[in-house]
Amino acid sequence: MEICYPYIVDHTEPGTIPYQFEYGLMKTRNILVTGGAGFIGSHVVRLLVNKYPGYRIINLDKLTYAGNLENLRDIEDKPNYVFVKADICDFATVLKIMQDYDVDGVIHLAAESHVDRSIVDPFTFARTNVLGTLSLLQAAKACWLDNHSVISSEVEKSSSSYRRFYHISTDEVYGALEMTHPEGIKPPFTTKASSGEHHLAYGEEFFTEDMKYQPHSPYSAAKASSDHFVRAFHDTYGLPTVITNCSNNYGPYQFPEKLIPLFINNIRNRKPLPVYGKGENVRDWLYVEDHARAIDLIFHEGKDGETYNIGGFNEWKNIDVIKALIRITDRLLGRREGEDDNLITFVTDRAGHDLRYAIDSRKLQRELGWEPSLQFEEGLEKTVRWYLDNEPWMRRVTSGEYEKYYEKMYGNR
């Protein structure tokens, strides 16, 4: 069955959405979340739908290979949830959706995000990540500014009707940091996410919000360009925007092309674990639900025109993450811990592979009071348990059956 764009499943009806009372105003919010069927997006949509029954949450997703509506099965019939299948690059459709739903907030997560795919097909990344973002910005400008030169009053500025375009980006736009201490040193800061046994830094420098952009892959170049467009619309037109740059996320519902779910599945099935180079590359890891909490907080309380880094203060070499995954997965499967170390297979390093990422998110901690809630080992075990307990989900995703779920659930509605 051919699904036309946009395809809308809307359980809401006029007058059925309860109102939020803030600052003496009776007003509901209509928030458009792009990429809401993806990994991070589905966690954000679930959080918003459950936490704010007075908000209408419109999930716009093209449902490419990484978009999976099965991720949202638990909230798909909620009265304040709307799903729209559409392409963010289709400006006319995006504009109509924003007008029809009187959208006053955009949380933009839709993006092509896998570096390896960007090396093979940079055009797709430029189209989605740059032109798609531009399409959304132009639609927001048309709805919010072209007919309203300024937000009407100070009362509206402080109310829940205040408009915001929130663009989620990546720490990869900053380029790579030097690994001046490959042996690991005591880091200058810590949070609840920091490892208890393995809390190290591998250099003195960290990504901060005022660092110069130096993207090294087609993916990060496309995200950097989209960040610049968001800032340009704020500076040129006064569009109320905020940007966040986040470290590597992990947790449930991640498409198994990414390291952690891929390797859990491979360990379970005793398949090789391909490790780039010597596995010395360093990444900062953050549990996805902590990222969703940060997005909620910044959307509501962040300052217009600002950039916030979101990180776990939690540096790990890839090889150490992989060995931890093997230990946890083997133990939970009743195997001897480390029994599957022999699955590690070192392969030729990826072109342009950045050596070290490490985020300094103290600005967010200082100004809005956010910090992660899960220590890395705790979050990693929770993640491994989820994938082992949800083998049918993994099997459907890796076989492509999840694409059939869309037609089964929505094709005849």
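Mind checking which residues of segment 371-391 are of a type in the set (A, V, I, L, M, F, W, C) and in a helix (DSSP H, G or I)?
Scanning segment 371-391 gives Phe376, Leu380, Val384, Trp386, Leu388.
Would you mind listing the helices (runs of 4 or more DSSP H) fully within segment 45-128 where at least 1 residues are among the aliphatic types (A, V, I, L, M), under 20 Å from the mean Cα position of the chain (by Cα) and farther than 21 Å from Val230 by Cα?
Counting at least 1 such residues, we get 115-120.
Conditions: (1) under 22 Å from the mean Cα position of the chain (by Cα); (2) acidic (Asp, Glu); (3) assigned to a helix (DSSP H, G or I). Asp235 meets all but one. Number of the miss?
If we test Asp235 against (1) under 22 Å from the mean Cα position of the chain (by Cα); (2) acidic (Asp, Glu); (3) assigned to a helix (DSSP H, G or I), just (1) comes out false.
Has segment 224-245 got any residue that is modelled with pLDDT under 95, basic (Lys, Arg) and surrounded by fewer than 22 Cβ atoms within 10 Å (Cβ to Cβ)?
Our first condition is that a residue be modelled with pLDDT under 95; within segment 224-245, this holds for none.
No, segment 224-245 has no match at all.
State all residues of segment 74-113 that are under 30 Å from Asn390 (Cα atoms) and free of Cβ contacts under 8 Å to residues at least 40 places away in the same chain; if no residue qualifies, say none.
Listed by number, the residues that qualify are Asp74, Ile75.
Among the residues in segment 254-261, are any more than 21 Å from Ser42 (Cβ to Cβ) and in contact with a helix residue (DSSP H, G or I) (Cβ under 7 Å, 6 or more places away or on another chain)?
For segment 254-261, residues more than 21 Å from Ser42 (Cβ to Cβ) and in contact with a helix residue (DSSP H, G or I) (Cβ under 7 Å, 6 or more places away or on another chain): absent.
Say whether the condition of being aliphatic (A, V, I, L, M) and closer than 20 Å to Thr190 by Cβ is met by at least one residue in segment 326-348. Before you say what the answer is, go through the steps one by one.
Pass one, segment 326-348, residues aliphatic (A, V, I, L, M): 326, 328, 332-333, 343-344, 347.
The next check asks that each one be closer than 20 Å to Thr190 by Cβ; those that pass are none.
Within segment 326-348, none of the residues are aliphatic (A, V, I, L, M) and closer than 20 Å to Thr190 by Cβ.
Restricted to segment 284-301, and to residues that are touching a Pro at 6+ places or on another chain (Cβ under 8 Å) and part of a helix (DSSP H, G or I), which residue is surrounded by the fewest Cβ atoms within 10 Å (Cβ to Cβ)?
Narrowing segment 284-301 to residues touching a Pro at 6+ places or on another chain (Cβ under 8 Å): 286-288, 290.
Among the residues that remain, those that are also part of a helix (DSSP H, G or I) are: 288, 290.
Values: Val288: 21, Asp290: 23.
If we take residues in segment 284-301 being touching a Pro at 6+ places or on another chain (Cβ under 8 Å) and part of a helix (DSSP H, G or I), then Val288 is surrounded by the fewest Cβ atoms within 10 Å (Cβ to Cβ).
Any residue at all in segment 322-340 that's in contact with a strand residue (DSSP E or B) (Cβ under 7 Å, 6 or more places away or on another chain) and either surrounded by fewer than 18 Cβ atoms within 10 Å (Cβ to Cβ) or under 22 Å from Val282 (Cα atoms) (or both)?
Yes, the conditions are met somewhere in segment 322-340.
The values are calculated or read from the model by the stated rules, or taken from the named source; none is laboratory data. All values reported here derive from a predicted model rather than from experimental measurement. Because the Cβ atoms are built from the backbone with ideal geometry, glycine has one as well, and the counts that use them run over all protein chains shown.
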